[in-house]
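Engineer: First the structure, then my questions, so here it is.
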Amino acid sequence: MTDALKACVIGYPIHHSRSPLIHNHWIKGLGVNGYYGIESIAPDDLPSFLAALKTGQSDYRGGNATLPHKERLLELADEADDAALQVGAANTFWVKNGRLHVTNTDVHGFLANLDAQTPAPPWDQTMQDKKKAVVLGAGGAARAIVSGLIQRGFDQIHIANRTLARAEALCQGLTRRAGLSDTVLSPIGWAQAQMAQEGASLLVNTTSLGMSGQPPLRHSLEGLPLEATVTDIVYTPLKTDLLKQAEARGHRAIDGLGMLLHQAVPGFETWFGIKPEVTKTLRALVEQDMQL
Ligand code: ATR
């Protein structure tokens, strides 16, 4: 393994990451001489961990970052792409010519999952004339998802959050960073979400509500046009109550596991030089792991 290409996921705590399962499945399947590890890195140790990568004192050529490192990784980067800058956080890093590069692949993961699961008509072209979306939540995941919707030309995006000030801050930050007109992003209170979904073609839950062990997500889809796609970033359980409600009403309902799988693709390609595929076999492997 001495010449093997190595990458890893860093976090604190890190026990529950499924990234090693995903990347090592691809490494094996594609016959790459590589290894994807897992490193518990405390916040204070992040600068020295990254410095060792840059100076070649570490075996790793890059990796993924999860909580609590995503914002700090962006601050410590020498080169950040538009996705990371717009979201204000990075989850993927690599070293090239001694410089630390970062990106945010959650944006790609969100879009690629919906693209893959809604071939016709595409999820972002179901309405003739308008592109309106309602996003529930205003945390880090919401920033990546709203950024993706901006990329796809959504021109009316309502962000509903329990803490309105957080939705306002998200809208102000993204409007400035993406150079949008003030009318594209609208922060709204949780109670306004149902009214806002009239005429929308997409509803996304980006909160942790509905996840096993978390409080339920109480949201009625009444009033959402039936052509609209409904998706949830929660994937434990795979079929959340929101997705069950969406299916019962006749919407296209897309679960959140695909986002996790698709967000891993760009990192793997960067570190190991070959683009992997999100297959049914990979999905089944991760689903099986979730049941353990
Ligand atoms: P992430 O970075 O994964 O998106 P986060 O920043 O903690 O995680 O954001 C979690 C989201 O879930 C937020 O929108 C949060 O709402 P607040 O900003 O009001 O905290 C939302 N959320 C979490 N628990 C909630 C609850 N019990 N009721 C309503 N919203 C909740």
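Engineer: Residues that are within 22 Å of GLY31 (Cα to Cα): find the helices (runs of 4 or more DSSP H) completely inside the range 232-279 holding 2 or more of those. Let's see the steps before the verdict.
Structural biologist: Numbers: elements: 241-249, 257-263, 265-272.
Result: 257-263, 265-272.
Engineer: Another question, if that's okay. Of all residues being touching a helix residue (DSSP H, G or I) at 6+ places or on another chain (Cβ under 9 Å) and assigned to a loop (DSSP other than H, G, I, E, B) in the range 180-207, which is nearest to the ligand (Cβ to nearest atom)? Just the residue, please. It would help to see each step written out before you state the result.
Structural biologist: Going residue by residue through the range 180-207, those that are touching a helix residue (DSSP H, G or I) at 6+ places or on another chain (Cβ under 9 Å) are 180-182, 184-190, 201-207.
Among the residues that remain, those that are also assigned to a loop (DSSP other than H, G, I, E, B) are: 180-182, 184, 201, 206-207.
On the way: LEU180: 21, SER181: 24, ASP182: 22, VAL184: 19, SER201: 22, THR206: 6, THR207: 3 Å.
So, considering only residues that are touching a helix residue (DSSP H, G or I) at 6+ places or on another chain (Cβ under 9 Å) and assigned to a loop (DSSP other than H, G, I, E, B), the one nearest to the ligand (Cβ to nearest atom) is THR207.
Engineer: When residues of the range 11-21 are filtered for being hydrophobic (A, V, I, L, M, F, W, C) and touching a helix residue (DSSP H, G or I) at 6+ places or on another chain (Cβ under 7 Å), how many remain?
Structural biologist: Here the count works out to 1.
Engineer: Could you list, in sequence order, the residues of the range 233-251 that are more than 16 Å from the ligand (Cβ to nearest atom), on the phi < 0 side of the Ramachandran plot and either surrounded by fewer than 20 Cβ atoms within 10 Å (Cβ to Cβ) or modelled with pLDDT under 95 (or both)?
Structural biologist: PRO237, LEU238, LYS239, LYS244, GLN245, GLU247, ALA248, ARG249
Engineer: Separate question: Is it the case that some residue within the range 220-231 is outside any loop (DSSP other than H, G, I, E, B) and either under 24 Å from THR92 (Cα atoms) or within 17 Å of the chain's Cα centre (by Cα) (or both)? Reasoning before the result, please.
Structural biologist: We begin by selecting, within the range 220-231, every residue outside any loop (DSSP other than H, G, I, E, B); these are 229-231.
Imposing the further condition that a residue be either under 24 Å from THR92 (Cα atoms) or within 17 Å of the chain's Cα centre (by Cα) (or both) reduces the set to 230-231.
Looking through the range 220-231, at least one residue is outside any loop (DSSP other than H, G, I, E, B) and either under 24 Å from THR92 (Cα atoms) or within 17 Å of the chain's Cα centre (by Cα) (or both).
Engineer: Quick check on this structure: which one of GLU222, GLU227, GLU277 is in contact with a strand residue (DSSP E or B) (Cβ under 9 Å, 6 or more places away or on another chain) and among the acidic types (Asp, Glu)?
Structural biologist: Values: GLU222 fails: in contact with a strand residue (DSSP E or B) (Cβ under 9 Å, 6 or more places away or on another chain); GLU277 fails: in contact with a strand residue (DSSP E or B) (Cβ under 9 Å, 6 or more places away or on another chain).
Unique residue meeting the criteria: GLU227.
Engineer: Criterion first (among the polar types (S, T, N, Q), within 30 Å of GLN291 (Cβ to Cβ) and at pLDDT below 95) does THR206 satisfy it?
Structural biologist: Working: among the polar types (S, T, N, Q): yes; within 30 Å of GLN291 (Cβ to Cβ): yes; at pLDDT below 95: no.
No.
Engineer: When the range 150-176 is examined, which residues are found to be buried (at least 16 other Cβ atoms within 10 Å of the Cβ) and in contact with an Asp or Glu (Cβ under 8 Å, 6 or more places away or on another chain)?
Structural biologist: Result: ARG152, PHE154, THR175.
The values are calculated or read from the model by the stated rules, or taken from the named source; none is laboratory data. Just so it is clear, the model here is predicted, and its values are computed rather than measured. No Cβ is skipped: glycine too gets one built from the backbone with ideal geometry, and neighbour counts run over all protein chains shown.
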